[in-house]
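To start, the structure under review is shown below, and the notes come after it.
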């Protein structure tokens, strides 16, 4: 019995030793992966480093995704030499404001970022600084300054996430050179991060805890952190990845370009970090992440630019370029290069965007029904519409970010061709005349938003889509302005309708059609010929046709004044994003907008946008094919005879004589698209913008039709049926 007991004890000890050895091996592999993934080697299998190197680096950066993108730049040896020569005995750099009180773009973080850059330089064989004693000495002294001074930001994010994330990486890559005392101080820095919060903040914090665990060689804590990170790779939660393949944070708020981008980039990094270990993401987790890119992010990137409507509050200089490229790197690295499915999606994303101008094969109409966001992609252009409702938060303004963006989710409509139409235009914009937005004309300071609660009181917000074309609607009831707004995206045009426009102020209300960089002349069609608009022009004719940058704009059936303007503008990035130093910038802007007058009552508008056309086609475009059946607070309905398609936003039950031999009665409020697809055959698509209806009922030529609508988390999605009407 004693022998048996002894054998059991020995066996248990051997298993324990084996497990510990295995765990130690896993920790070693993860640390090796850190070095492999983060220390520059010069490898550029997708050509993204070459693209990045062609872009001028930013001098002022706050966005974490852009910070990490800049960490990919090849070493700038002139800059490195300056770091080394200017470094002071105090362990500080003279060009950093260590007393900075900003909540965004906090300058002491530059100190941490330089430590990381020097650590990478020290470990990289690409330069003569490899294992340089001079660089090693500066790293130790710079770390010692941080350990002693313990800088603290007024924004918790830097203290718990930003600084530990940056320095933690440096600590791991420099671990072999840390003294025991330095290592304990490094661990103390990392202890500022603890498990908690939701969405991407939860992932960031867990990643920082994991780095502390690696420094402590605590495998169980590493595993706990990994499991916490992986727990966010799910769909359908209150925040994070939604069922419509959007990403939410800070409540029901679309965050593709901010927290969502950091989520994708972070998960891509972790997928490579854990590869070759028992902690590697499984196929299901990789599938969720790759689908988020495929069905979410691919739609919001055009020609290497992220849609302005996807940027969130992060309206930084060159943000569309940087965020798109950050996504491209993340997609190319997802799965650690070991997943064919991930590589296929990355290849498609890169093909559609790089090098610009790229071959765009992703086309169609997509509405993110849980996010009040529509994208319409054609082979040579893209349209984007961002809204808000009583369910969805449209925009946030915080930490000095997005100080002008009060109206950014009130139907903002952007049309992209080369993708540069709005690049870096933010300091020059009239922020009350964002394209597509109906708002007051006012010189007063822009209101500030101080909560994550929905602010549009409108409930009728959504879209119907057959994945090829669709109709988007928004009941606007916000900040003293009410309106029913609709957009029809169909093949070669975007038709915009407005009805029931009223306001509770004596201020003039406007609807902006376009406000973009001037690119060539703005032309106006008058008396059978095109003439240039050189300053500001106000017209009141029944039909107005304009042409600018290969795009036509036709406004008709309105009693409104129409204003067309090209003007030199000036502004400051600081006024938009307060992390920037005040400096004036200049540029020319082209603007088109309608004036509904002061205190309008039931004002309307209708205009057509024709992207990627020539002047001849704009002048000759036949408006008679687009029949506006109704444009009021009961319904907004349009029939295009050549397309044999009718679009209806029915706010109430309504009867419509669509065409000869085609009568329609909508019994259930909703948004509908009816397309004749054959002899007596109609494809009927319907969605509930209020997300309250389970069934849609209508009559088509007196035939009763009943459509079951999606339920649960599918509320707001489109349902389609085929009806045979003889």
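Computed from the coordinates by the stated procedures, all read-outs in this text should not be read as laboratory data. Treat the numbers as computed from the prediction; the structure is a model and nothing was measured. Because the Cβ atoms are built from the backbone with ideal geometry, glycine has one as well, and the counts that use them run over all protein chains shown.
For residue 619 and residue 567, what is the calculated FRET efficiency with R₀ set at 25 Å and r taken between the beta-carbons, to the nearest 0.05? Write out the running numbers ahead of the final one.
Values: r = 25 Å, r/R0 = 1.00.
Result of the calculation: an efficiency of 0.50.
Each label point is 7 Å from the Cα along the Cα-to-Cβ direction; what then is the distance between the points at residue 141 and residue 90, in nm?
My value for the distance between the label points is 1.3 nm.
When the Cα centres of the range 543-591 and the range 186-216 are compared, how far apart do they sit, in Å?
For the range 543-591 versus the range 186-216, the Cα centre distance is 45 Å.
For residue 655 and residue 504, calculate 0.36 nm times their separation in residues minus their Cα-Cα distance, and state this gained length in nm to one decimal. List each step's numbers first, then the result.
Values: separation 151, 0.36 × 151 = 54.36 nm, distance 3.12 nm.
Here the segment from residue 655 to residue 504 would lengthen by 51.2 nm.
Quick check: the angle from helix 180-190's long axis to the longest principal axis of the chain, C-alpha only, nearest 10 degrees?
The two axes meet at around 20 degrees.
With label points built 7 Å along Cα→Cβ from the Cα atoms of residue 692 and residue 318, find their separation and express it in nm.
With each label placed 7 Å out from Cα toward Cβ, I get 4.9 nm.
Divide by every residue of the chain the summed helix terms, -39500 (n - 2.57) for each DSSP H run of at least 4, and state the resulting mean residue ellipticity at 222 nm, rounded to the nearest 500 deg cm²/dmol.
Details: 16 runs with 210 residues, N = 726.
After summing the helix terms and dividing by residue count, I get -9000 deg cm²/dmol.
Can you tell me the FRET efficiency between residue 358 and residue 194 if r is taken as the Cβ-Cβ distance and R0 is 35 Å, rounded to the nearest 0.05? Kindly include the intermediate steps, with their values, before the conclusion.
Details: r = 43 Å, r/R0 = 1.23.
It comes out at approximately 0.20.
Tell me, in nm to one decimal, what length is gained between residue 642 and residue 612 on full extension, where the rule is 0.36 nm per residue of separation less the Cα-Cα distance?
Working: separation 30, 0.36 × 30 = 10.80 nm, distance 2.01 nm.
Full extension from residue 642 to residue 612 adds 8.8 nm.
Among 598-604, 700-706, how do they line up by average Cβ neighbours within 10 Å per residue, starting with the highest?
Details: 598-604: 16.1, 700-706: 13.3.
Highest to lowest by the protection proxy: 598-604, 700-706.
For the range 298-349 and the range 446-469, what is the separation of their Cα centres, given in Å?
Cα centroid of the range 298-349 versus Cα centroid of the range 446-469: 24 Å apart.
Evaluate E = 1/(1 + (r/R0)^6) for residue 602 and residue 540, where r is the Cβ-Cβ distance and R0 equals 22 Å; express this FRET efficiency to the nearest 0.05. Provide the component values of the computation, followed by the final result.
Details: r = 19 Å, r/R0 = 0.87.
Computed FRET efficiency for residue 602 and residue 540 comes out at 0.70.
Sticking with the crude label model, points 7 Å out along Cα→Cβ, report the distance from residue 726 to residue 532 in nm, one decimal please.
6.4 nm
Go ahead and collect, in residue order, the members of the range 668-684 whose backbone nitrogen is under 18 Å from a label point 7 Å along the Cα-Cβ direction of residue 390.
Residues 669-671 fall inside that zone.
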